[in-house]
Amino acid sequence: MEVFFQTLVAGVLKGGLYALIGIGMTLIMGVMGIINLAHGQMMMLAMYLTYVCFHFLGIDPYVTLLVSVPCLFLVGVGVQKYTLNPLLKIESLLPENQVLMTVGVGMVLTEVARFIFTSNYVSVKTSYSDATFFIGGISFSVALTIAFGFACALTAGMFWFLLKTDLGRSIRAVAQDAEAASLMGVNADRIRTITMGMGAGLVAAAGTLLLPIYYLFPDIGGPFTRKAFVITILGGLGSTVGAILGGVTLGLAEAFGATYIGMDYEDMMGLVIFILVLLFLPGGFKRLTKV
Amino acid sequence: MAILELHGVCKNFGGLRAVDNVSFAVEEGEIFGLIGPNGSGKTTTFNLISHVFPVTCGKVMFKGQDITGLKTFQICALGVGRTFQVVKPLKRMTVLDNVIASAFLRHGSMKQARAQAEKWLDFCGLTPYAGHLARGLSIASRKRLEITRAMATEPTLLLLDETAAGLNPGELDEAIALILKIRKSGVTIVIVEHIMKVIMSISDRIHCINHGQTIAEGTPQEVARDSKVIEAYLGHGGGH
Amino acid sequence: MREHRIPLILLALLLVLPLVVTEPYFQHLMILVLLWVTIGTGWNLLAGYTGQVSFGAAAFFGVGAYTAGLLSHHLGLSAWWGMALGGAVAVLIAFPFGWIAFPLRGAYFALGSLALGEVMRQVATSWESLTEGMVGILIMQTFISKLPYYYIALALAVGSILLVQAVTRSKLGYYFVSIREDQDAAASIGINTTKYKMISLCMHAFLTGTAGALYMNYMGFIDPHVVFSLHDISIMAILVAIVGGVGTLYGPAVGALIMVALQEVFRSAGFGALQALTDAMGGGFMTVVTKYVSQAHVLAFGILVVVVIMNLPNGVVGDWARIKRAFRRG
Ligand SMILES: Nc1ncnc2c1ncn2[C@@H]1O[C@H](COP(=O)(O)OP(=O)(O)OP(=O)(O)O)[C@@H](O)[C@H]1O
Ligand SMILES: [Mg+2]
């Protein structure tokens, strides 16, 4: 039973971070209608930024959030503005051009990272990296708990932003119907650009928060892109609430998979979930929650 | 005998009831008008007949057969052709190829399908555009292509959704002539139209809906005099 | 016949080419090009003609390759049996996949195909009793000379182009393109969209699986990371078709030539040109550059994706008129 609760806690905590990754992806999905296959690679970039700040400047990862999030926001803005928005004006046979473009961007990011940092694993070892505390016999990783707290705060902030600010409303308007929003005077290109920036910023936060308890190498982007993508499918394409549920579900599935089936199967869980969702709940949690 | 019957058909979109308990019967050989103000559920009714999405309740019968659960392509194969209000040309194919694609439903070989397609292009007056890409057509020709494509599936019932909208007076007369020609060839027609001149002059009977509900049915004269119809149109500031 | 003159002349050239150019390295590259013609043509049928973009060519390629490899490894049969069965097994995988993914509209198919490739790689990695896992499968090649492989690959490539040509001139082709252009319109003229998408997918899977089986026979070695690679197989298949021209008959063939050439330029760091430069300069700096360039083929690949999509959305064949104009102006 203790193992069970231990796994549950680990799953939920990790799920909080996954939710952060998923919300970024789902925002992009909602507004642009595309899956960003460079999502994990953007996270990888933020992690390297965090690593550099820690390793060379001695800045604590949590402080680095102030650097990595804005930096990745700019990266997202640049990607949207200079590679994706122009595509909307080019006529081509396949609408999936944009998705393919994100694949290209992801490859470039990964290889640039490999150029600079080589393929070696690196990590950021802080004083709290391995620290734990106990509540009722169940251990909590300090870093993961802090990360979970940050993730919740950022998610709440995100919701406030989307629901209460003008910009947030414009974003939701474009997500609902880009054409109608344009007619009402919303600059859809600008909204797309900002959304991509925010998606990148959110995943950057997740990466920075994850680094103290994780390791880093250039190819780490791919697996995280896949996780983000499973979360988004699980949540229902474009649903923010769904992304949170999806993130936590994936966190739990991975944790339980690792505990009860075997470490090797942690990564498999996402794919299994993906297939189950396609089979039994096409449309994801959005179908159930309707938001 | 009624070729098409709707029995208490409804459609909900989330909380919105777009079509609410609509019933009517279309007799073989007639032109049956379906009218109503904007957003009253006419296009949705067509989409329910051709199963673009499933009905929430009720059933649709075609030639006495229940077609409610059939797929769009099966319904077409049974002999129900349709056009789309927002035209859906196969843009990067030529006009001829658009029609060939649809002629393949009844004619398996390339040669036959092509011959049929040419016949239908001629029938509908699109032959001069045969080699043009569908995306380059004017709105009038696109609407005509919709009809041609539907006719090439050799339907016995044709659903026309606002095929006259956006046409100039000259084109309008041509469109009316084409519709009458199609009816003469033995095809039953259900037509949705906002332009009263068209609908009143060619329909044998008219069914009027508002907010998804039937408000009147009868000959054009009866419907034009109906107070609920007048109110529905005036209430919306419409009328045309 | 006239429209076929150029392809026929090319075919004649290709038939005699390996007899004239006997350099094995060059023959090897030509075999790769021909393999990619087959894969790209198959992808093009599904995506370019039917409009269903797949990110999962590797799933079928790998399954075909493993079919050939495992027949030889476990049953002691000739791996050539895989040429007959690889495509069929790939179709067996494609069928349930399409059955799940096609009724869902929108991005699901593209995403599902991406996942399919990953699932297959995971299975090939984890199911060690069947696949030997990461160790991979090693078989004895039948021929020492590259010539037999060359002609088989040529036959496969020509066969796939002829297949697509036959399809595009038939009812099937009209239905595929109608589905690509507008699924609602297609359904409204009596096309069973799910069925025809499935047929297209199965043809794609068959061609790709057969190419995979040939790859196994030719290379003699496979492992999950090579044959189920997202970048080196699935994305490469897309690039081959896009660079050449999506939705054109000969586009993938042109794309295969360009892509394999480019890949090789980067792999070998400009055919050793940089190496020569390095020797001439005798400097450490150039050594570093050479090393980077040859390591950077994935980066170049990524940049190529970006550049091609921005500038040649319809490929060399599709945008040929534009390319010619650009040169004339320039
Ligand atoms: N796919 C859909 N999802 C949600 N709501 C829909 C959908 N299609 C139609 N509606 C809604 O159903 C109602 C009826 O729409 P419909 O298109 O059938 O009207 P209409 O009578 O054809 O109008 P018009 O004359 O403008 O063409 C409208 O309120 C519309 O917004
Ligand atoms: Mg309508």
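So here's what we get for this one:
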| quantity | calculated |
| --- | --- |
| Residues listed by number, segment C:101-123, amide nitrogen under 15 Å from residue B:71 label point at 7 Å toward C-beta | C:101-105 |
| Most mobile of A:57, A:163, A:49 in a GNM of chain A (Cα contacts under 10 Å) | A:57 |
| Neighbouring partner chain Cβ atoms per residue of B:86-94, average, 10 Å criterion | 4 |
| Label point distance in nm, residue B:130-residue A:130, each placed 7 Å from Cα along Cα→Cβ | 8.2 |
| Within 10 Å of each Cβ in A:272-279, the average number of Cβ atoms from other chains | 3 |
| Dipole magnitude (debye, nearest 20) for segment C:24-249, charges at Cβ of Lys, Arg, Asp, Glu | 480 |
| Fluctuation leader among A:228, A:204, A:143 - chain A, Gaussian network, Cα springs under 10 angstrom | A:143 |
| Packing-based ranking, highest mean first, of C:206-219, C:55-68 given that Cβ atoms within 10 Å are counted | C:55-68, C:206-219 |
| Segment residue C:140-residue C:92, length gained on full extension (0.36 nm per residue, minus Cα span) | 14.6 nm |
| Kyte-Doolittle mean at least -0.5, axial Cα span of 20 Å or more - DSSP H helices of chain A | A:2-32, A:39-57, A:61-79, A:97-117, A:142-164, A:188-210, A:221-235, A:240-256, A:266-280 |
| 5 angstrom amide H check on residue B:19, placed H, neighbours 5+ away | B:11 |
| ³J(HN,Hα) computed for each position of segment C:65-80 - Karplus, 6.51 cos²θ - 1.76 cosθ + 1.60, integer Hz, glycine/proline x | 5, 5, 4, 4, x, 6, 4, 6, 5, 8, 9, x, 6, 5, 5, 5 |
| 19 Å Cα-Cα threshold exceeded, pairs from B:91/B:143; B:42/B:91; B:119/B:181; C:171/C:197 | B:42/B:91 |
| Gaussian network model of chain B, springs between alpha carbon atoms under 10 Å - residue of B:136, B:81, B:15 with greatest fluctuation | B:15 |
| Separation in nanometres of the label points that stand 7 Å from Cα toward Cβ, at residue C:129 and residue B:12 | 5.1 |
| log10 of Debye I(q)/I(0), alpha-carbon scatterers only, for segment A:2-219 at 0.11, 0.17, 0.18 Å⁻¹ | -0.58, -1.17, -1.26 |
| Segments B:149-160, A:147-158, C:193-204 sorted - mean Cβ within 10 Å per residue, highest first | B:149-160, C:193-204, A:147-158 |
| Over chain A: helical MRE at 222 nm, DSSP H runs n ≥ 4 each giving -39500 (n - 2.57), nearest 500 | -24000 deg cm²/dmol |
| Reachable aspartates and glutamates from residue B:59, criterion Cα separation under 14 angstrom, eight or more residues apart if same chain | B:5, B:20 |
| Rounded to the nearest 20 debye, dipole of chain A from Cβ charges on Lys, Arg, Asp, Glu | 600 |
| Residue (of B:14, B:37, B:72) at the positive-pole extreme of segment B:1-85, dipole from beta-carbon charges | B:14 |
| Dipole of chain A, positive direction: furthest Cα of A:30, A:49, A:112, with charges on the beta-carbon | A:30 |
| Lysines whose Cα lies under 23 Å from that of residue A:227, excluding same-chain neighbours fewer than 8 positions away | A:14, A:286, A:290 |
| Positive-end residue, chain C charge dipole about Cα centroid, Cβ charges, pick of C:209, C:156, C:4 | C:4 |
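Values quoted throughout were computed directly from the atomic coordinates according to the rules given, and no laboratory measurement underlies them. Nothing here was measured: the structure is a model prediction, and the numbers come from that model. All Cβ positions, glycine included, derive from the backbone under ideal geometry; neighbour counts span all protein chains shown.
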